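Participant: This is the structure I want to talk about, given as structure tokens.
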Amino acid sequence: MSLLIDGLKRCMGGYRRGIVVVGLLVLVFPAAALAIDSPVVLELPQQGSVQSGIGIVSGWKCAAGEITLRFDDGAPIVVAYGTTREDTVAICGDSNNAFVLQWNYNLLGDGAHIVRVYDDGIEVALSNFNVTTFGVPFLRGAAGSYNFDGFPFAGDSVDVVWQQSAQRFLISNYTTGAASMATGLGLKGVAGAKSSDRAGVLVAGAVLEVPQAAAVASGIGIVSGWICDAAVVEIVFDGGSPIQAAYGTTRQDTVGDCGDDNNAFVLQWNYALLGDGDHQVAVLADGVEVARAGFRVQTLGVPFLRGVSGMFEVMDFPAAGEHATLQWQQASQSFGMVERGGATACTTATVRVNIGYDALSHPNVSGLAVALGYGASVTMPGTGGDAMVTSRVSNLSGISGGLFQVGDEDSVPAPALNVALVSLAQTIAPGAFFAAQFDCAGSAAPTPADFACEAAASDNFGLEIPSSELICSVSVTTP
């Protein structure tokens, strides 16, 4: 921890003293804690997260009228509301509280965005997030599969494959090693879905779009499509009990088939609950089956994997000479693209730092500091907190009212960029923390292995969070 402590002394005037100040100031200016028993929770997209491809906006509210949301300054979008969330019974007294919207995040374009949720026109939740795209709203014709060694545990490996319909990479195979088998995660990859499972649409005016027949499914996703005329739409997995889906939101592309546009159905679903192997999903309209598909699921051995991190480069994707950086995202239980770039001579490198921790165990994080050690592959002009340094560091936390400080230490052989944030009015959420632009010291582009990331954090009472519960991950992008 010496790198962290020394760096913070230069950045904040002493890390230990800085954290104590947080605890003292809170006696006068109480910090706004995250209320986990709040009657409204926006779960996806998470504050400070990076989104790409086709995903969802989801959460729950105990009692609501019409739920709408707005991206940036766009028009309100009606969101399906009232499907089952058993985990809300203790708070709400009932379970029909979920809201969910399928959304192509590529439509927003690269950069920072905000989504606001409204109940009968009154704002009840918001989230600041970032979007990374491949430069088009919907990438077509690309293909790629890659192997990531050492994930989720040492000795493990996963295979990922590009799925055009989801506009993202999904896990297609998991091989365990000795380290993870010791924890009880001993599942292997499964065979592909059979061609005989391609039942598809059974009646006119009903289409099941996700999951597609014979596709692979993993992580938190959706079951979605459209039906021209129904009162209740239900989803059945493998002949089990029907699960009601949200139905009736707008799909302008169904007007030609249905004569109106309020025909979409969607169900948020954790595919890991089904277990590895081949599965069937059926769609019921008012109790009558109208569509079905066979697909296969690949899990990482547990219904919801917690406490791991991973960042990997996929080369020559979506085209030769291009690359993308994928990061494990716990909230969606999948890999999301956080950076993309082409094969050019290295002049500058943007290093992005993400901090992960369990927000339920630590709901009041008010102080966060990172020491980012860097090697000989890059340089940072200037030193300390002068303008040459601060102009190259961006706050990605979504918090604008806190104390954000930057300092660069040029000591040899272990230079480090030290970044700290103290926020008393808003909890520092896990996710993107900062981005820093370095100069390349040679023609070869640096990799995440060229950086060492150490993090420290405290709550609003000045109590430190154990370093073992903080995950500091780094991604690197070159123009």
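The values are calculated or read from the model by the stated rules, or taken from the named source; none is laboratory data. What you see is a predicted model, and the numbers here were worked out from it, not measured in a lab. Note that we place each Cβ from the backbone using ideal geometry, even for glycine, and neighbour counts take in every protein chain shown.
Participant: When you check Asn128 against the structure, is it surrounded by fewer than 16 Cβ atoms within 10 Å (Cβ to Cβ), under 23 Å from Thr477 (Cβ atoms) and at pLDDT 90 or above, yes or no? I'd like the intermediate steps shown before the answer.
Facilitator: Numbers: surrounded by fewer than 16 Cβ atoms within 10 Å (Cβ to Cβ): no; under 23 Å from Thr477 (Cβ atoms): yes; at pLDDT 90 or above: yes.
Considered against the rule, which asks whether it is surrounded by fewer than 16 Cβ atoms within 10 Å (Cβ to Cβ), under 23 Å from Thr477 (Cβ atoms) and at pLDDT 90 or above, Asn128 comes out as no.
Participant: Which of the residues spanning the range 406-437 are of a type in the set (S, T, N, Q) and surrounded by fewer than 20 Cβ atoms within 10 Å (Cβ to Cβ)?
Facilitator: Residues satisfying the conditions are Ser411, Gln426, Gln437.
Participant: Which of the residues spanning the range 124-155 are more than 14 Å from Leu108 (Cα to Cα), touching a Pro at 6+ places or on another chain (Cβ under 8 Å) and outside any strand (DSSP E or B)? Reasoning before the result, please.
Facilitator: Quick first cut of the range 124-155, residues more than 14 Å from Leu108 (Cα to Cα) only: 124-127, 139-155.
With the extra rule that they be touching a Pro at 6+ places or on another chain (Cβ under 8 Å), the set shrinks to 127, 139, 142, 144.
Matches in the range 124-155: Leu139, Ala142, Gly144.
Participant: All but one of (1) in a strand (DSSP E or B); (2) under 22 Å from Ala215 (Cα atoms) hold for Ala166; which doesn't?
Facilitator: The one condition Ala166 does not meet is (1).
Participant: For the range 376-396, name all the residues that are out of contact with any strand residue (DSSP E or B) (no Cβ under 6 Å at 6 or more places or on another chain) and either surrounded by 15 or more Cβ atoms within 10 Å (Cβ to Cβ) or not hydrophobic (A, V, I, L, M, F, W, C) (or both).
Facilitator: Initially, the range 376-396 is screened for residues out of contact with any strand residue (DSSP E or B) (no Cβ under 6 Å at 6 or more places or on another chain), giving 376-377, 381-382, 386-388, 391.
Selection gives Ser377, Pro381, Gly382, Asp386, Ser391.
Okay, residues lined up against (1) hydrophobic (A, V, I, L, M, F, W, C); (2) outside the structural domain of Ser127 (by TED's automatic domain parsing); (3) outside any loop (DSSP other than H, G, I, E, B); (4) touching a helix residue (DSSP H, G or I) at 6+ places or on another chain (Cβ under 6 Å):
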residue	(1), (2), (3), (4)
Phe404	yes, yes, yes, no
Asn418	no, yes, yes, yes
Leu421	yes, yes, yes, no
Ala432	yes, yes, yes, no
Asp439	no, yes, yes, no
Ala452	yes, yes, yes, no
Ser468	no, yes, yes, no
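Participant: Consider only pairs whose beta carbons are under 7 Å apart and that are at least six residues apart or on different chains; among these, list those whose first residue lies in the range 114-141 and is closer than 17 Å to Ser52 by Cβ and whose second residue is surrounded by 13 or more Cβ atoms within 10 Å (Cβ to Cβ) and among the aromatic types (Phe, Trp, Tyr).
Facilitator: Val115/Phe71; Val131/Tyr105
Participant: Can you tell me which residue is surrounded by the fewest Cβ atoms within 10 Å (Cβ to Cβ) among those in the range 456-466 that are touching a helix residue (DSSP H, G or I) at 6+ places or on another chain (Cβ under 7 Å) and either of a type in the set (A, V, I, L, M) or in a strand (DSSP E or B) (or both)?
Facilitator: Step one: of the range 456-466, the residues touching a helix residue (DSSP H, G or I) at 6+ places or on another chain (Cβ under 7 Å) are 456, 458, 460-462, 464.
Still in the list and also either of a type in the set (A, V, I, L, M) or in a strand (DSSP E or B) (or both): 456, 458, 464.
Details: Ala456: 24, Ser458: 26, Glu464: 13.
Filtering first and then ranking leaves Glu464.
Participant: If you don't mind, another one. Looking at Ala285, Ala217, Ala206, which is the one that is outside the structural domain of Trp328 (by TED's automatic domain parsing) and closer than 25 Å to Glu43 by Cα? Give the steps one after another, and end with the answer.
Facilitator: On the way: Ala285 fails: closer than 25 Å to Glu43 by Cα; Ala206 fails: closer than 25 Å to Glu43 by Cα.
That would be Ala217, the only listed residue that is outside the structural domain of Trp328 (by TED's automatic domain parsing) and closer than 25 Å to Glu43 by Cα.
Participant: Just to check your reading of the model, which residue among Gly398, Gly442, Gly367 is at positive phi and either modelled with pLDDT of 95 or more or small (Gly, Ala, Ser) (or both)? Show your work before the answer.
Facilitator: Numbers: Gly442 fails: at positive phi; Gly367 fails: at positive phi.
Just a single option satisfies the conditions, and that option is Gly398.
Participant: Please specify each residue of the range 75-115 satisfying the condition of being of a type outside the set (Phe, Trp, Tyr), farther than 25 Å from Glu234 by Cα and either in the same structural domain as Trp269 (by TED's automatic domain parsing) or within 22 Å of the chain's Cα centre (by Cα) (or both).
Facilitator: Asn106, Leu107, Leu108, Gly109, Asp110, Gly111, Ala112, His113, Ile114, Val115
Participant: Let me ask something else. Somewhere in the range 416-434, is a residue in contact with a Cys (Cβ under 6 Å, 6 or more places away or on another chain), of a type in the set (A, V, I, L, M) and farther than 24 Å from Gly336 by Cα? So that I can check it myself, show each step before the final result.
Facilitator: Let us first name the residues in the range 416-434 that are in contact with a Cys (Cβ under 6 Å, 6 or more places away or on another chain), namely 418, 420.
Imposing the further condition that a residue be of a type in the set (A, V, I, L, M) reduces the set to 420.
Of the ones still in play, those that are also farther than 24 Å from Gly336 by Cα are 420.
Yes: one or more hits.
Participant: Take the residues in the range 334-361 that are touching a Pro at 6+ places or on another chain (Cβ under 9 Å) and assigned to a loop (DSSP other than H, G, I, E, B); name whichever of them is surrounded by the most Cβ atoms within 10 Å (Cβ to Cβ). Give the derivation first.
Facilitator: At the first step, the residues of the range 334-361 found to be touching a Pro at 6+ places or on another chain (Cβ under 9 Å) are 340-342, 344, 346-351, 354-359.
Filter once more, keeping what is assigned to a loop (DSSP other than H, G, I, E, B): 344, 346-347, 357-359.
Values: Thr344: 11, Cys346: 19, Thr347: 11, Tyr357: 22, Asp358: 15, Ala359: 18.
Checked the range 334-361; the qualifying residue surrounded by the most Cβ atoms within 10 Å (Cβ to Cβ) is Tyr357.
Participant: Does Thr447 satisfy being touching a strand residue (DSSP E or B) at 6+ places or on another chain (Cβ under 9 Å), closer than 25 Å to Ser309 by Cβ and surrounded by fewer than 20 Cβ atoms within 10 Å (Cβ to Cβ)? Write out each step before concluding.
Facilitator: On the way: touching a strand residue (DSSP E or B) at 6+ places or on another chain (Cβ under 9 Å): yes; closer than 25 Å to Ser309 by Cβ: yes; surrounded by fewer than 20 Cβ atoms within 10 Å (Cβ to Cβ): yes.
Taking the combined requirement at face value, the residue satisfies it.
Participant: Counting only residues that are more than 27 Å from Phe134 (Cβ to Cβ), modelled with pLDDT of 95 or more and acidic (Asp, Glu), give me the strands (runs of 3 or more DSSP E) lying completely in the range 245-333 with at least 3 of them. If you could, list the steps in order and put the result at the bottom.
Facilitator: On the way: elements: 264-270, 277-285, 288-297, 311-315, 322-329.
So the answer is none; nothing clears 3.
Participant: Select from the range 142-167 the residues that are within 21 Å of Val302 (Cβ to Cβ) and crowded, with 22+ Cβ neighbours inside 10 Å and list them in ascending order.
Facilitator: Phe151, Pro152, Asp156, Val158, Val160
Participant: All but one of (1) under 26 Å from Ser334 (Cα atoms); (2) surrounded by fewer than 17 Cβ atoms within 10 Å (Cβ to Cβ); (3) β-branched (Val, Ile, Thr) hold for Val223; which doesn't?
Facilitator: Going through the list (1) under 26 Å from Ser334 (Cα atoms); (2) surrounded by fewer than 17 Cβ atoms within 10 Å (Cβ to Cβ); (3) β-branched (Val, Ile, Thr), Val223 breaks only (2).
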